[in-house]
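K.L.:
Attaching a single structure in structure tokens format; questions to follow.
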Amino acid sequence: MAQLKITCAKCGARMHIRKTVWKTPEFADLYCTCTNVDCSKTGVFNVTWSHTISPSGLEGKGLIKALFERLRPDEKQMALDWLQGQPG
């Protein structure tokens with residue numbers, strides 16, 4: 001998994017993310033501290049979701065397909081019967 005690398009605007013050293021506070025599922029505050037002990041700058045970095053380039057395969061029909069594939073064979077048959085209006 002990729003990690004976000006934040007550099008200190010003052011000295012250019014890498015910042016250490018001490019804490020993440022999610023404000024919404026698409027917006028977070030990252031509390032950071034500079035790793036350069038002579039600098040030791042601290043601050044909050046905001047991370048936000050900008051826009052979707054390609055929609056998730058788990059939306060709409062993709063979600064139904066993913067859920068259906070996780071069912072056992074007897075559960076799949078029960079779901080098909082229910083969707084077709086047949087008593088199960």
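K.L.:
Tell me, which residue of the range 1-39 that is assigned to a loop (DSSP other than H, G, I, E, B) and of a type in the set (S, T, N, Q) is nearest to the chain's Cα centre (by Cα)? Quick ask: steps written out before the conclusion?
P.N.:
Restricting attention to the range 1-39, the residues satisfying the condition of being assigned to a loop (DSSP other than H, G, I, E, B) are 1-6, 8-13, 25-26, 35-39.
Filter once more, keeping what is of a type in the set (S, T, N, Q): 3, 35-36.
Numbers: 3: 13, 35: 26, 36: 30 Å.
Among them, the one singled out is 3.
K.L.:
For the range 71-87, which positions are modelled with pLDDT of 90 or more and of a type in the set (Lys, Arg)?
P.N.:
72
K.L.:
Here's a follow-up. Report, ordered by the first and then the second residue, all pairs with beta carbons closer than 6 Å, sequence separation of six or more or different chains, a first member in the range 49-73 that is part of a loop (DSSP other than H, G, I, E, B), and a second member that is modelled with pLDDT of 80 or more.
P.N.:
49/26; 58/66
The values are calculated or read from the model by the stated rules, or taken from the named source; none is laboratory data. Please read these numbers as outputs of a predicted model, since none were measured by experiment. A quick note on method: Cβ atoms are made from the backbone with ideal geometry, for glycine too, and the neighbour counts reach across all protein chains shown.
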